[in-house]
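As structure tokens, the structure follows; a few thoughts come after it.
The values are calculated or read from the model by the stated rules, or taken from the named source; none is laboratory data. If you're wondering where the values come from, they're calculated on a predicted model, not measured in any experiment. Cβ: placed from backbone, ideal geometry, glycine included. Neighbour counts: every protein chain shown. Areas reflect the complete protein model, heavy atoms only, side chains present, ligands, DNA and RNA absent. Shrake-Rupley method; radii C 1.70, N 1.55, O 1.52, S 1.80 Å.
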Amino acid sequence: MLEMKDIAKSFPGVKAVDDVSFVLKSGEVHTLLGENGAGKTTLMNILFGIYRQDSGEILIDGKHVKISSPHNAIAHGIGMVQQHFTLVPSFTVAENTVLGLRELGVFPRTGRVERRIRELGDTYGLKVDPDARAWTLSVGEKQRVEILKILYTGAKILILDEPTAVLVPHETRALFDALRKMKEADTSVVFISHKLDEVMQISDRITVLRKGLAVDTVDKKATTKAALAKMMVGRDLLVDVPRTDVETGSKILEVKNLRVNDDRGLTAVNDISFTVRAGEVLGIAGVEGNGQRELAECIYGMRKPLNGKVFIDGQDITRTPVRKRVQLGLSFIPQDRKGMAISPNLSVEENLFAKNYATQSVPSHPLLSNRTGVSTASRKLVRDFSIVTPSEKTRAKYLSGGNIQKVVLARELSSSPKAVIAAQPTRGLDVGAMEFVYKTLLEQKKKGAAVLLLAGDLDELFRLADRVAVIYGGKLVGYASPDSSNREKIGLMMSGASGAGDEA
Amino acid sequence: MPVLSILFALFVMGIFLTVFFMEPGRGIRFALSRTLEAYGEMLSWPFGNLYGFYETLNKMIPLAFVGLGLCIAYRMRIWNIGGEGQLYMGAFAATWGALFLFNDLQSPLLMACLVISMGAVFGAIWGLIPAVMKAFAKTDEIVVTLMLNYVAIFWVDYLVYGRWRDPAGFGFPLTAEYPAAARLPRIFDGNVQIGLVFVVVLAVFLEYVYRRTSWGQKSALIGDNIQAAIYAGVNIKLFTILALLASGAIAGAGGAVQMMGAQHRLQPGFSPGYGYTAIIIAWLGKLNPIGVVVVAILFGGLLVGNEQLQMFYRVPIALVYVFQGLVLFSLLGGEAISRYRIRFHKRGDE
């Protein structure tokens, strides 16, 4: 029913999508699989009218269409759920649903809308309260609202951009059930993902993209995970990084009864205590938004705690400014990579040495910077961390997500830190970059650093962590050993089911 | 792009001027040729004639001073709109020093140091007020600096119309002239005030600060991504305060230099909006010190050229302001448009 023919789209310096053709049949779940930067999202943004293709054409039911805006796409029966939700927090679900639709009118009458939302919710198993204000919803519920918004418009094509990235396992299952029901109702779904397990569960057909090119379109039944992985990265995957056991040493990072507020002044971290020893990785599992950000920022010194203490190497640093903490050997890989970890318009080199004034890893006088020293050192870091960049003077924003993260890793880990806080360090990264992150974090562990890993992806935690604690609603709800047999248990604890964990 | 913008402004202004030059009984050709002639004069005097160029340089000095000061703040995304007020406070403090505090001093060097420092200190105070309010109470610096402009301007008005009015000034709102020791020497056979040297030295110094010092790197970090700066451990409050302090001090010093080097007395409205024009200059110079000086020369020339229009072509001051407005408007508009890509579609091609 939908055909995209020879679509190409370039951004300055990159061919994001290069003559890709894509056919969507009615009533199928068609996965776009690929590493980050492969062009999946760009291709779908073209279909949804956010970008306009440089060349190529789009046909719906055999007719040529030009899609000039998301509004226009909706008129053609195409809807898309972006990775970042677009709900107005103070509006109700019903109001959000009709937002931007003509029928809203001057005086919105939401009674009819609410009935329709309930109907749709019942039909597809996407239950939400149409009267609830959007800010009160959980992430999973918000996503349901985004999907309902699209179904409400009567769309026959639904695009989901990495929908499971923010979900816990049982929410993912619920989403997949809903998708199956939509299929039965002849709705087509484009599912963007790079998680092979899920792709194999839900798809009918799979198109693999790599570096803007369509590698192949295959039937799910006719393929395997390994084959897909190979198509995706163009080489065999390193399936398992061997976990090295390191003799743990003294207590390096210690947090006692920490209580922290979020930006709105609500309690985000509620009485958390833990210790990380030298050579140990403590994983904190949790769905995003359960206090991880505030916890990490507080330990690093960007957020003042209301209560509690933070120690590094036995020294109380609760009131120490960031600069001092950096000098004491604390490193932080923030989850908000582009918003916090780097300055997009500064060069790779400037980003690599943004903390040099404190660490003096290349000695440099404040009144006369050591230019040659810094550029020699940055060339070495670019090489050591295999950062792909035209030059170390390139602006950081032109790098891909994986390479930006490598810049962050290079800065944070090259100074031989005593303790490392890694918040969602692989989020949004492709498999190759992920491997790199795992490898470097494990190297830190070998060197005797205490690593605090905050993550939502259980595979990642199982692979890296020596112990896993679960955070929910700002509290540590329990510990579990990083073992695949604990997957369901940890998942339940992450979703707030009480009494699921061992107290430790 | 800037060239196109200026051409656009000249074109639109040409329409105004042609209308202005139209006389009954004479054709439009006459008006057009007068317009072209006026444009020729407007460009050739400030840039094509040595004495005209000296005037351009003199006009450029206060513009460049304030512009350089503003750069310091703008590079950190602190929106100091208070250049005008800081300039006035500098001029006020300089006059206070030259006429009342140190008027017995005989040494021109000592006098210059003291008076310029006074100007810098008072300009800095005018920057410190919004800085402290921003750093500790999160007030908006745009509003505070803008309002402080009026305080400074009216404060100077109060003084020159009242307490400081020169008894020998025939009732004009002027202070007495500065003593000889409080006048700065002039260069180029006395045609240009020495402030030019200060501006160039200052620009080179700031260029060095931005390129080679830790201050420059941190301010770039703050300006590009304040979250990243906090994350890198930069003390934002301290930098906010220092930036506005330095910004105000430079504008204040500019006011003092303008008094000592050119005007030699305080009078109301001594600045035809230098502090506001400097905002545009700072941006057009891409917040780059050397760039600011270059753009300031162009704007100085514009001011001089406009005076020519007024003097020799009897163009009313209102039209001169229209022209300045057009130039700013088209330069800013050009900047904005150049960020978009314009594409044409065939009809029905949607």
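The table below lists the values:
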item	result
Hey, A:Gln327 among the polar types (S, T, N, Q), free of Cβ contacts under 8 Å to residues at least 12 places away in the same chain and more than 30 Å from A:Phe11 (Cβ to Cβ) or not	no
Options B:Ala168, B:Ala152: the member that is over 25 Å from the mean Cα position of the chain (by Cα) and either at negative phi or within 11 Å of chain A (Cβ to nearest Cβ) (or both)	B:Ala168
Residue pairs meeting the criteria (Cβ under 6 Å; at least 6 apart or on separate chains; first within 8 Å of chain A (Cβ to nearest Cβ), in the range B:206-218; second acidic (Asp, Glu) and open to solvent by less than 30 Å² (accessible area, probe 1.4 Å))	none
Filter result (over 18 Å from B:Ala262 (Cβ atoms) and among the hydroxyl-bearing types (Ser, Thr, Tyr)) within the range B:160-178	B:Tyr161
B:Val204 vs. criteria more than 16 Å from B:Ile72 (Cβ to Cβ), surrounded by fewer than 21 Cβ atoms within 10 Å (Cβ to Cβ) and modelled with pLDDT of 95 or more	no
Qualifying residue in the range A:429-447 (condition: open to solvent by less than 10 Å² (accessible area, probe 1.4 Å), in a loop (DSSP other than H, G, I, E, B) and under 27 Å from A:Leu464 (Cα atoms))	yes
Members of the range A:379-409 that are within 14 Å of chain B (Cβ to nearest Cβ), within 13 Å of A:Phe353 (Cβ to Cβ) and assigned to a helix (DSSP H, G or I)	A:Ala396, A:Val407, A:Val408
Scan of the range B:219-251 for residues that are buried (at least 22 other Cβ atoms within 10 Å of the Cβ) and at the interface with chain A (Cβ under 7 Å from one of its Cβ atoms), ordered by number	B:Leu221, B:Asp224, B:Asn225, B:Ala228, B:Tyr231, B:Ala232, B:Gly233
Filter result for the condition that a residue is free of Cβ contacts under 8 Å to residues at least 60 places away in the same chain and closer than 20 Å to A:Arg427 by Cβ, over A:Asp161, A:Asp131, A:Asp197	A:Asp197
Filter result for the condition that a residue is surrounded by fewer than 16 Cβ atoms within 10 Å (Cβ to Cβ) and modelled with pLDDT of 85 or more, over A:Leu47, A:Leu59, A:Leu104	A:Leu59
Flag if B:Ile279 is of a type in the set (Val, Ile, Thr), within 14 Å of another protein chain (Cβ to nearest Cβ) and open to solvent by 10 Å² or more (accessible area, probe 1.4 Å)	no
The lone exception for A:Glu412 - which of (1) within 25 Å of the chain's Cα centre (by Cα); (2) assigned to a helix (DSSP H, G or I); (3) within 29 Å of A:Ser10 (Cβ to Cβ) it fails	(3)
Enumerated strands (runs of 3 or more DSSP E) restricted to the range A:138-242, each holding at least 2 residues that are open to solvent by 50 Å² or more (accessible area, probe 1.4 Å) and among the hydroxyl-bearing types (Ser, Thr, Tyr)	none
Filter result for the condition that a residue is touching a helix residue (DSSP H, G or I) at 6+ places or on another chain (Cβ under 8 Å), assigned to a strand (DSSP E or B) and under 22 Å from A:Glu198 (Cβ atoms), over A:Val468, A:Val451	A:Val468
Flag for A:Thr376 being more than 8 Å from chain B (Cβ to nearest Cβ), of a type in the set (Ser, Thr, Tyr) and farther than 30 Å from A:Thr275 by Cα	yes
Residue within the range B:31-43 that is under 26 Å from B:Gly195 (Cβ atoms), open to solvent by less than 70 Å² (accessible area, probe 1.4 Å) and outside the structural domain of B:Gln258 (by TED's automatic domain parsing) present	yes
Residue match in the range A:191-204 (condition: under 21 Å from the mean Cα position of the chain (by Cα) and basic (Lys, Arg))	yes
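Let's see how each residue does on (1) out of contact with any Phe, Trp or Tyr (no Cβ under 7 Å at 6 or more places or on another chain); (2) surrounded by fewer than 15 Cβ atoms within 10 Å (Cβ to Cβ):
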| position | (1), (2) |
| --- | --- |
| A:Asp271 | yes, yes |
| A:Ala285 | yes, no |
| A:Gln292 | yes, no |
| A:Met340 | no, no |
